[in-house]
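A short reminder: the numbers here are calculations on the coordinates, not readings from a lab. All figures in this text were calculated on a predicted structure; none of them were measured in a lab. Cβ placement follows ideal geometry from the backbone for every residue including glycine, while neighbour counts extend to all protein chains displayed.
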Amino acid sequence: MTRFASAIRQTLTLLALTTALVFAGCDSSGNNTEDAPQPIEPAAFDVDTESYPTSQSADASAKAGTHVLAGVTTVSALTFAVEANLALPKLVTAAALQSDPVIESGTWVWESTAQTDSSNATFRLEGTPDGQDVVWEMFVSATGPTGGLQNFSLYTGRSSFDGTNGSWSLFYPIDGVRSNVLDASFTVDSETKKSITFEVADGAERDAGDTIRYARDGDSRTVEYVQVDPVSETTVSWDAITKAGSIQSTDYNGNEKSCWSPEPELNNVPCS
């Protein structure tokens, strides 16, 4: 999965303008309509790896046991390969939703613009009812000194009318070609319970077919990483508060479940 990040970096320079403009302030217009569908939950683009016990403290990493350190590779794969890609759809969706929705030929539209002295961008989120679901597409247009986009379809998706479950696909302009790089399915049960499964798409430079499933249930966090080539499966779980957790991997300790104690020790301990 870390190799996949190299393909994404090719597009970040072009899309950095969009990211920066979200914070520049948006102008919007429209009329609020109570019957509008709920856009895909922001939580469907959000994962938590900062709570992993060695993610922030170098001191904790130096004192930690081998089990918790073995989980860093899997959690880092989620951090660098997935979180790097989620920033853009989260930001542009937040920008679009600063406007009130309007109906255009049966499609709900949220559209906003942002400007700086040298750049401007437009964010247009379209939601079209389809039976019990809503079909989504996010378009981004941006101009500036670092490059430009014109009605670029950044992601497509399908969700329930309340936005709590569904799927989305992320696209980047790689070497001038719109390429599907990441797919995801999600269920957001509440503010404290959700699951998202990410799959590297065929349009990505490498690692197509690799999957990472992230789940949150209260204070519990779980990351399941399945790699296609070479074949490996790893599951890392931890408590966001106590930091105690476990790892089970085909690449570690004979695929035996291996546990560690709460902070501050993070020592290797028998699994109960």
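Worth pointing out:
- Globularity index of the range 41-197 is 1.22 (Cα radius of gyration / 2.2 N^0.38 Å, N = number of residues).
- Over the range 112-188, the pair-distance histogram of Cα-Cα distances with 10 Å bins from zero comes to 18, 40, 30, 11, 0 percent, rounded to whole numbers.
- Theoretical FRET efficiency, 1/(1+(r/R0)^6), r = Cβ-Cβ of Ile103 and Val177, R0 30 Å, to 0.05: 0.35
- Cα pair distances exceeding 14 angstrom across the range 155-208, given as percent: 57
- Cα centroid separation - the range 90-106 against the range 197-246, whole Å: 31
- Selection from Val109, Val140, Leu88 lying farthest towards where the dipole of the range 77-140 points positive, charges on Cβ: Leu88
- Computed FRET value (nearest 0.05) for Ala240 with Ser160, which takes r as the C-beta separation and R₀ as 35 Å: 0.80
- At the listed q of 0.23, 0.28 Å⁻¹, the Debye profile of the range 206-246, built from one uniform point per Cα, gives log10 I(q)/I(0) equal to -0.72, -0.88.
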